Amino acid sequence: MSGVSEWRLHVDPTRCIGSGICAGVAPGHFVLVDGLSRPVAERIAADESVLDAAESCPLEAIVVSEVDSLRRIAPEG
Amino acid sequence: MTDTSQATIPQRYPFNAPVRLDLDARYAELREQPLVRVQLPYGEPAWLATRYADVKTVLGDPRFSRAASVGRDEPRNTPRQQETGILSMDPPEHTRLRRLVAKAFTARRVEELRPRTRAVADELVDGLLAAGPPADLVAHLATPLPIRVICDLLGVPVSDQDKFHTWSEAIVSTTSLEPGLAQHYLDNLLAYMGALVARRRVEPADDLLSAMVRARDENADRLTEQEMVILAAGLLAAGHETTVTQIPNMVYVLLTTPGAWGTLRDRPELVPAAVEELMRFIPLGATAAFPRYATEDVELGGVLVRAGEPVVVNIAAANRDDTVFADADRLDLTREVNPHLGFGHGVHHCVGAQLARMELRVVLETLLDRAPGLRLAVPVEELTWKSGLLVRGLLAMPVAWGAGPGEGA
């Protein structure tokens, strides 16, 4: 087991409204393409800013999960 | 590309006093040109962005900062620089505050408020119909509905609405309130909210204020008491002033655009699309506010914006950009693709957008259902409009319903 956990980012394109919040909160991880958000990379080293992005999305369109366990980390509840 | 920031004389802004909900024809010309320099009533000159792509960049690109306005002679509409709390922050400080409240405004949580909102709308329309015709849509429906909804959500006693509704004007005032009075109202609003927060700490309830108090007490290092009180006061004030204004604006456009009200009456399933189109079409803002400062040199709209220079945007102009919206100056209630910027864009995108959408849909659906023959009770030119505010809106909106003169049988 490595020391740094790996996370997976998913943006549901059917929910995304292109508010641009995630791309502002975590600019290295989300980018708007044709008005909708998309992860820059689907697998990333753990980074708190993507949790902020997922928790700030008004449509809860962003899901952050652990690559190994598939456990959802954000959004909560 | 031209580099003219120091060379040109800034134009006075806003260019003209707002007329009803008309968009100044000047913006159509400006979208064809490089950014221009403008001078707001107070503060340093700024660049003005009007094209869709440029406005989106200024609002969404981290190279444009709100926090950098602190300590600058910010372009503004009032003599004094106003404390704007979360609106003067960038990530990660902004995110720290926003996350505290964002959960309460997700589409999922807002959906849970719909039945109650529908019941309130029905009750208020009962009152409207009992009072006339004619009766004032602003007083009977547009003002009380958003206040009741935000009070329920936050946990603010609706019985205090006369007080805080008066004070809230300070949040959206430019010249309507004399500066001393505006500050007095702001102080009152903050003191009121501070007292309410203190009460919730002793007697928690199932509301957002209690949740904010809990989060603050669990993470005292992350949030000061003052930050929480300003945030809560901002939610209360912004949470109703805008929707209170936009409900009559939407009804006004629907009643004064030939065929629009009838289209929705025949096809109420179009209401969600109509709300988006009305958000796009209505120039809610009366002036520019919340300038963004470039943190590095940025090429934007044919000019070089230098690090440290402020940019203001006109969202209504961006929403009429015909490179994005076909036939942009026409109200099209069936428009399918509508990426309007009516709720802003980027990290400061309206936190209450989903709540506002739900309220606006419920109000229109209720009116279409209960008052299908709705019409203005006075000629358009007799309507009176607010002035001296950040937003445009009607002071009163006398409406009638049922078969009337000019409607035939």
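The values are calculated or read from the model by the stated rules, or taken from the named source; none is laboratory data. None of the values given here were measured: they were computed from a predicted structure. Reconstructed Cβ throughout: ideal geometry from the backbone, glycine too, with neighbour counts over all protein chains shown.
What number of residues within the stretch B:299-323 satisfy the criterion of being within 14 Å of another protein chain (Cβ to nearest Cβ) and either within 16 Å of B:Pro45 (Cβ to Cβ) or over 22 Å from the mean Cα position of the chain (by Cα) (or both)? Counting residues in the stretch B:299-323 that are within 14 Å of another protein chain (Cβ to nearest Cβ) and either within 16 Å of B:Pro45 (Cβ to Cβ) or over 22 Å from the mean Cα position of the chain (by Cα) (or both) gives 2. If you check B:Leu355, B:Leu331, B:Leu364, B:Leu368 for being outside any helix (DSSP H, G or I) and either in contact (Cβ under 8 Å) with a residue 12 or more places away in the chain or within 14 Å of chain A (Cβ to nearest Cβ) (or both), only one passes: B:Leu331. Inspection of the stretch B:116-128 identifies at least one residue that is under 25 Å from B:Ala215 (Cβ atoms), modelled with pLDDT of 95 or more and more than 14 Å from chain A (Cβ to nearest Cβ). Residue count for the stretch B:73-110, restricted to those that are more than 7 Å from every other protein chain (Cβ to nearest Cβ), in a helix (DSSP H, G or I) and closer than 25 Å to B:Asn314 by Cα: 5.
Taking the listed residues B:Thr257, B:Thr263, B:Thr242, the one that is among the β-branched types (Val, Ile, Thr), farther than 14 Å from B:Leu100 by Cβ and touching a strand residue (DSSP E or B) at 6+ places or on another chain (Cβ under 7 Å) is B:Thr242, with no other qualifying. Residues considered: B:Arg361, B:Arg306. Of these, the only one that is closer than 27 Å to A:Asp34 by Cβ, of a type in the set (D, E, K, R) and either surrounded by fewer than 24 Cβ atoms within 10 Å (Cβ to Cβ) or modelled with pLDDT under 95 (or both) is B:Arg361. Residue pairs whose Cβ atoms lie under 6 Å apart, separated by 6 or more positions or on different chains, with the first residue in the stretch B:334-346 and more than 10 Å from B:Phe281 (Cβ to Cβ) and the second surrounded by fewer than 17 Cβ atoms within 10 Å (Cβ to Cβ), are B:Pro339/A:Gly35. Just wondering, is there one or more residues in the stretch B:273-296 that are under 30 Å from B:Arg37 (Cα atoms), among the hydrophobic types (A, V, I, L, M, F, W, C) and more than 22 Å from the chain's Cα centre (by Cα)? Checked the stretch B:273-296: at least one residue is under 30 Å from B:Arg37 (Cα atoms), among the hydrophobic types (A, V, I, L, M, F, W, C) and more than 22 Å from the chain's Cα centre (by Cα).
Of the set (1) surrounded by 19 or more Cβ atoms within 10 Å (Cβ to Cβ); (2) not acidic (Asp, Glu); (3) not in a helix (DSSP H, G or I), all apply to B:Ala326 but (1).
In the stretch B:29-64, what residues are surrounded by fewer than 21 Cβ atoms within 10 Å (Cβ to Cβ) and within 14 Å of chain A (Cβ to nearest Cβ)? B:Ala53, B:Asp61, B:Pro62, B:Arg63, listed by residue number. Looking at the stretch A:2-31 only, could you name the residues that are within 14 Å of the chain's Cα centre (by Cα), away from chain B (no Cβ under 14 Å) and among the β-branched types (Val, Ile, Thr)? Scanning the stretch A:2-31 gives a single hit, A:Val11.
One residue alone among B:Pro248, B:Pro258 is closer than 30 Å to B:Asp22 by Cβ, surrounded by fewer than 13 Cβ atoms within 10 Å (Cβ to Cβ) and not polar (S, T, N, Q), and that residue is B:Pro258.
Residue-wise test of (1) closer than 25 Å to B:Ala49 by Cβ; (2) in contact (Cβ under 8 Å) with a residue 12 or more places away in the chain.
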residue: B:Thr245; (1), (2): yes, yes
residue: B:Val251; (1), (2): no, yes
residue: B:Asp266; (1), (2): no, no
residue: B:Glu277; (1), (2): yes, yes
residue: B:Thr287; (1), (2): yes, yes
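Condition check for B:Ser69 on (1) crowded, with 21+ Cβ neighbours inside 10 Å; (2) within 14 Å of another protein chain (Cβ to nearest Cβ); (3) not aliphatic (A, V, I, L, M): one failure, at (2).
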